[in-house]
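**Q** Quick one: the structure is below, and I'll ask about it shortly.
Read-outs throughout are calculated quantities, based only on the coordinates presented, and are distinct from any laboratory measurement. Because the structure is a prediction, the values reported are computed rather than measured. All Cβ positions, glycine included, derive from the backbone under ideal geometry; neighbour counts span all protein chains shown.
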Amino acid sequence: MAKKKATKKKAAKKTAKKKEMLLVGSKTKEALKGKGFNVSSDTLDALNEAVYRLVADAQMRCEANGRKTIRPYDV
C-alpha cells in the first residue's frame, strides 16, 4: 500500500518549531484582565515573541559592549 504524500501545509507545520513560552500564562492574563481588558487567544504568543526580541536585543547590546554579563541597562 502506498503512503500518502504530506501536503505543503502539513510539512510546514512539522518544520516550524514553536518557541518555548517564557511567560506564565495565567499571571499574564490576570494582569491584563485586572485592568479591565479582554485577552484574545493569540495575545500570549505575541507577548512571548516580544520577550524573545527583548532578550535578543539585550544579548546584542551586551556583546557590542564587550561583556558576557547582561546588565539591567542592556534591556
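**Q** So, of the residues in the range 31-48 that are within 19 Å of Lys18 (Cα to Cα) and not in a loop (DSSP other than H, G, I, E, B), which turns out to be farthest from the chain's Cα centre (by Cα)?
**A** For the range 31-48, the residue satisfying everything is Thr43.
**Q** Out of all the residues in the range 58-75, which are assigned to a loop (DSSP other than H, G, I, E, B) and either in contact (Cβ under 8 Å) with a residue 12 or more places away in the chain or among the basic types (Lys, Arg) (or both)?
**A** Within the range 58-75, Arg67, Lys68, Ile70, Arg71, Val75 meet the criteria.
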